[in-house]
1. Assign unit charges at the C-beta atoms only (+1 for Lys and Arg, -1 for Asp and Glu), then state the dipole size of region 1-141 relative to its Cα centre in Debye, rounded to the nearest 20.
2. Considering only the other residues whose Cβ falls under 13 Å of the Cβ of T95, what net charge follows from Lys and Arg at +1 and Asp and Glu at -1?
3. Which translational diffusion coefficient, to the nearest whole µm²/s, is obtained for the chain from the Stokes-Einstein equation, given a Kirkwood hydrodynamic radius over C-alpha pairs, 20 °C and 1.002 mPa s?
4. Please work out the Cα center distance from region 1-42 to region 122-142, rounded to the nearest Å.
5. Would you mind telling me which residue in I154, I65, I47 has the biggest mean-square fluctuation in a Gaussian network model of the chain, where springs connect alpha carbons within a distance under 10 angstrom?
6. Which whole-number percentage describes the relative contact order of region 74-178, with Cα contacts under 8 Å and a sequence gap of 6 or more?
7. For the chain, set up a GNM with springs between Cα atoms under 10 Å and report which of D53, D82, D66 has the largest fluctuation.
8. Could you work out, for region 6-46, what percent of all Cα-Cα pairs fall into each 10 Å distance bin, beginning at 0 Å and stopping at the bin that holds the largest distance?
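We did not get these values from a lab; they are worked out from the coordinates using the rules stated. Given the structure is predicted, the values throughout are model-derived calculations rather than measurements. When we count neighbours, we look across all protein chains shown, and the Cβ atoms used for this are built from the backbone with ideal geometry, even at glycine.
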Amino acid sequence: MVPYKRIKRDLSFKGKIIDFYSDTILIDNDKKVTFDFVDHKGASAIIPVDKDDKILMVRQYRNAIDDYTLEIPAGCLDLGEDNLTCAIRECEEETGYKPNNVKHLIDVHTTVAFSNELIKVYYSNNLSKTSQNLDEDEYIDVEGHSIEELIEMIYQGKITDAKTIAGLLAYKQKCFYK
């Protein structure tokens, strides 16, 4: 394998949840190239399954693609927060259900070409009803769907979010084909 070595990292922009860098990389001790790098603070997601075996999904507007998406509940880690706590908090805030007996499912690097974002995905089929507690800029509709409906939506191109696709496919494989 050709050796790559980072020799310089310059901060271009410091954001709220991500920082943008320009990395200078030495390839094969000969050629210098520049790569963009997005440093992400970490995130968690969860597949909440209600008593009727419906997966609670969130429909929300996403500015980056200028469209609404159907996703599993997820969000960024708060300062000093662990991934499990984040998944439970985000589920309750976004869906109005607190997950209990939460289990780890899968880890997903979302965009390895330019970011280190890692989302740890969990699941729970033990939910307690609470109430939504959305951020002031969040408007989220909660929908319940069967795993079969959601897998069909993936293959129809109606669900395109990477963490959601990976999480749902892993959940179906782990929880239905033991």
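1. Details: 18 positive and 27 negative charges, 117 e Å.
My answer is approximately 560 debye.
2. On the way: positive: K54, R59, R89, K98, K129; negative: D50, E71, E90, E92, E93, E94, E138, D141, E143.
Spelling it out: positives minus negatives among the neighbours equals -4.
3. Numbers: Rh = 17.7 Å.
Diffusion coefficient, whole number: 121 µm²/s.
4. 36 Å
5. I65
6. Numbers: 127 pairs, mean separation 25.2, N = 105.
Relative contact order of region 74-178: 24 percent.
7. D66
8. Taking all Cα pairs of region 6-46, the binned fractions are 28, 40, 22, 9, 1 percent.
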